[in-house]
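Participant: Encoded as structure tokens, here's the structure I'll be asking about.
Just so you know, all these numbers are worked out from the coordinates, no wet-lab data involved. The structure presented is a predicted model; accordingly, all values stated were derived computationally and were not measured. No Cβ is skipped: glycine too gets one built from the backbone with ideal geometry, and neighbour counts run over all protein chains shown.
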Amino acid sequence: MALINPVRNTLLDLAPVQAIATSLKRLVSDKYRGGLHKAGAITFLAVMLSGCAGVKIATVSTEDYIAQRRGDILTTNQLSASARDTLTSLAIAPEQCAKDIPHCSSRLTELWNLDTEQRMATLAEIWTQEALRLQGRRNARPDFSVELFDAYLQSARYAYAYLFFTDRRPGDRAFEDRQTQVRDYYNYAVQQATMLLFAKYHDTSYAFQKTIEIGRWRIRGDLSQVRDATAPQPHELIPASQLTFRGVRSIYRRDGFGAEMVVVNESKDVTPNSFQSTYSEPPFQAVTGIITFPGETLSQVLQTRDATIIGYDPYQQTSIQLKDVQVPLAANYTSAYGLWLARSDFSTQALRTVLGREGGIEAPHVFLLQPYDPNRRVIIMLHGLASSPEAWINVANEVLGDEELRDRYQIWQVYYPTNLPLPYNNAEIRKALTETFRHFDPDRKAVASNNIVVIGHSMGGVLGRLLVSSSDNLLEDAARDRYQMDDVSIAKMNQEFGNVVHFSPLPGVTTAIFIAAPHKGTPFAGNRVSRLAAALISLPVTVVTQLNKLSQVAVGNTPAKDEMLILPNGVESLRDSDPFMQITSKMPISTQVRYHSIIANDTPKKDLLYSDDGLVPYQSSHLPGATSELVIPFSHSVQETPEAILEIRRILREQ
């Protein structure tokens with residue numbers, strides 16, 4: 001093959017320009033000898049020369065450059081630069097392609113002079129374009145149609161083929177924007193196709209477990225990873241990508257393969273049925289969905305009409321293997337939790353509870369924030385007075401959002417009636433937790449039943465301390481001395497109320513974190529405002545009956561009868577003058593438990609020893625022998641501060 005002479009080629013390229021220049025020179029010399037005419041000719045020459053330039057330079061801002069490179073049908077409602085370039089290089093106008101996607105798709109499939117990756121990526125994008133056109137509004141819940149379902153399945157299949165059945169593996173394209181775009185087409189198509197199926201079949205017996213035919217597709221579901229085959233149909237299926245929350249500082253998720261969804265298993269989160277048992281697994285469950293297409297080759301994948309929808313629990317499965325490639329699963333760890341809190345109406349219910357009004361709760365309940373996992377350690381969270389699981393919004397979210405902690409721990413939140421006196425709540429919470437552990441692990445041999453962590457705020461901190469303490473005979477001796485009880489009365493008290501008077505550390509607990517906890521009570525619970533609040537509080541009839549019974553056993557016919565029949569409620573139990581509080585503050589904490597204190601200080605001008613957080617004095621929160629103590633300049637609700645959450649995470653990481 002002859003070598004090309006670059007100099008010669010350059011001269012040849014300039015030949016038209018030289019011809020123009022020669023003609024103009026002759027024109028000037030023969031007819032236009034004047035300076036004015038000569039200047040005009042030169043101007044004409046400049047215009048002619050500029051008109052011959054094939055490439056012109058323009059500048060673009062960094063923002064526009066990134067938008068041009070990364071914008072696509074999902075982000076700008078316009079085809080990406082890559083798709084437009086592919087179509088125009090094949091003499092296909094993007095506008096004409098959009099008018100008849102099936103025909104355009106056939107042309108792309110038939111043309112031979114196109115790289116396979118470009119072909120699959122462009123096909124995935126134009127089928128996403130077609131689906132969006134058929135769907136109408138982007139974030140609307142799509143109405144089912146065979147054409148729309150087919151468009152999303154086509155998009156998912158071509159994206160699937162691009163990712164796993166082209167010459168390069170996903171890892172080889174890790175830094176390419178185009179792969180991220182195609183992954184997004186796949187994830188969005190899976191999300192929408194699954195939503196379409198749910199909208200069509202959720203009122204029927206179809207449970208994503210059997211094969212159905214939709215148009216030319218045969219669809220099979222596999223939800224064995226996330227729910228029992230006998231479980232009832234979910235009430236809702238919600239894309240996590242469409243949820244955002246006020247009150248939650250961060251949304252924790254993992255980029256990856258699949259659609260992030262929330263499965264709603266109950267029509268309402270907290271109902272009377274919620275408390276028929278002492279525990280419940282989450283009514284809102286995080287799920288990651290994928291769609292796979294059978295075949296060992298690209299040709300087989302493109303020809304198949306079979307598809308399988310598979311659901312995964314992102315807490316249990318972080319990656320999957322597809323076509324000999326280990327692929328990270330997408331996950332959203334905040335949306336299910338945030339949706340649960342947003343729909344629960346806990347704040348109103350907690351207020352009704354503390355006042356003893358209708359609609360409150362009468363017994364503790366253990367909420368598991370994720371399906372029980374025998375191989376994860378349990379964190380038990382206890383909220384404070386007039387509160388609910390909402391006290392832990394950001395604490396729980398930050399723990400679930402920390403990958404290391406998420407892999408090691410699961411959270412159980414105890415929701416209890418804060419209007420009840422401490423002795424009663426202590427016994428009932430122990431009962432609820434014991435029954436929950438017994439249900440999931442009767443032999444108490446699982447990881448979940450050992451090395452348990454208790455975290456309590458305010459009143460919950462006092463109850464948390466009681467969970468890791470021994471009563472010995474302190475309460476029995478105090479009752480004997482105070483009410484002059486004989487052995488017969490003591491025996492009767494122990495027989496009927498032994499779980500209130502006698503208790504030992506909850507088995508399996510090895511770590512406790514007490515936050516703004518009034519271990520020795522607080523004088524603020526006895527001030528005028530608190531007394532007025534306490535006067536508004538009423539106790540459930542069942543509780544009053546039991547406590548009256550205890551009073552009669554303890555008092556009998558002694559002169560102290562009238563005193564004992566005045567029953568303390570939750571607020572009164574927190575007074576520093578309360579007899580139970582004074583006794584329990586002296587109870588020994590188990591030597592098997594490492595305990596930590598997080599204390600708030602809202603009086604910075606005072607010496608630390610005499611400071612308080614607005615409700616609890618430092619001297620009441622401080623515990624000698626604590627493994628660590630952190631004082632944070634803040635008010636009583638210190639548990640939600642970033643400083644407190646960082647300290648909790650530090651402690652959990654060190655366990």
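Participant: For the pair Lys56 and Ala91, what calculated FRET efficiency results from E = 1/(1 + (r/R0)^6), where r is the Cβ-Cβ distance and R0 = 30 Å, to the nearest 0.05?
Facilitator: Numbers: r = 24 Å, r/R0 = 0.81.
So the FRET efficiency works out to roughly 0.80.
Participant: Cut-off is 10 Å between beta-carbons; in what order do His636, His202 appear when sorted fewest neighbours first? Working shown, then result.
Facilitator: Details: His636 21, His202 15.
In increasing order of surrounding Cβ atoms, one gets His202, His636.
Participant: Also: Expressed in nm to one decimal, what extension gain is obtained for the pair Arg650 and Gln317 from 0.36 nm per residue of sequence separation less their Cα-Cα distance? Spell out each step's value before the answer.
Facilitator: On the way: separation 333, 0.36 × 333 = 119.88 nm, distance 2.52 nm.
Once the chain is fully extended between Arg650 and Gln317, it gains 117.4 nm.
Participant: So, one more: For Gln303 and Asp443, what is the calculated FRET efficiency with R₀ set at 41 Å and r taken between the beta-carbons, to the nearest 0.05?
Facilitator: Values: r = 52 Å, r/R0 = 1.28.
The value I calculate is 0.20.
Participant: Binning at 10 angstrom from zero up to the longest distance, how are the C-alpha pair distances of region 69-335 distributed in percent?
Facilitator: Using 10 Å bins, I get a P(r) of 6, 29, 36, 20, 7, 2, 0 for region 69-335.
Participant: May I ask you to derive the relative contact order of region 283-347, considering only C-alpha pairs under 8 Å and at least 6 residues apart, and to give it as an integer percent?
Facilitator: Numbers: 69 pairs, mean separation 22.8, N = 65.
Reported relative contact order: 35 percent.
Participant: When only DSSP loop residues count, what trypsin sites (Lys or Arg not before Pro) in region 401-490 have their Cβ near at most 16 other Cβ atoms within 10 Å? It would help to have the intermediate numbers written out before the result.
Facilitator: Values: sites: Arg406, Arg408, Arg430, Lys431, Arg438, Arg444, Lys445, Arg465, Arg480, Arg482; in loops: Arg444, Lys445.
Taking region 401-490 and a limit of 16 other Cβ atoms within 10 Å, the loop trypsin sites (Lys or Arg not before Pro) found are Arg444, Lys445.
Participant: Determine the gain in length on full extension of the stretch Ser347-Arg218; use 0.36 nm per residue of separation and subtract their C-alpha separation, reporting nm with one decimal. All intermediate terms of the calculation are to be shown ahead of the outcome.
Facilitator: On the way: separation 129, 0.36 × 129 = 46.44 nm, distance 4.66 nm.
Roughly 41.8 nm would be gained on extension.
Participant: Using a basic spin-label model with each label point 7 Å from the Cα along Cα→Cβ, how many nm lie between Thr627 and Glu176?
Facilitator: With each label point 7 Å from Cα toward Cβ, the separation is 4.9 nm.
Participant: Which entries of Lys520/Lys606; Lys210/Lys323; Lys431/Lys606; Lys99/Lys323; Lys520/Lys605 have Cα-Cα distances beyond 31 Å here?
Facilitator: On the way: Lys520/Lys606 20 Å; Lys210/Lys323 24 Å; Lys431/Lys606 41 Å; Lys99/Lys323 35 Å; Lys520/Lys605 23 Å.
Checking Cα-Cα distances, Lys431/Lys606; Lys99/Lys323 exceed 31 Å.
Participant: Only bridges whose two residues both fall in region 351-437 count here: according to DSSP, what percent of them are antiparallel, nearest 5?
Facilitator: On the way: 4 of 10 bridges.
Beta bridges within region 351-437, antiparallel portion: roughly 40 percent.
Participant: Can you work out the FRET efficiency for the pair Glu358 and Ala67, with r the C-beta to C-beta distance and R0 = 56 Å, to the nearest 0.05?
Facilitator: Numbers: r = 56 Å, r/R0 = 1.00.
E(calc), rounded to 0.05, equals 0.50.
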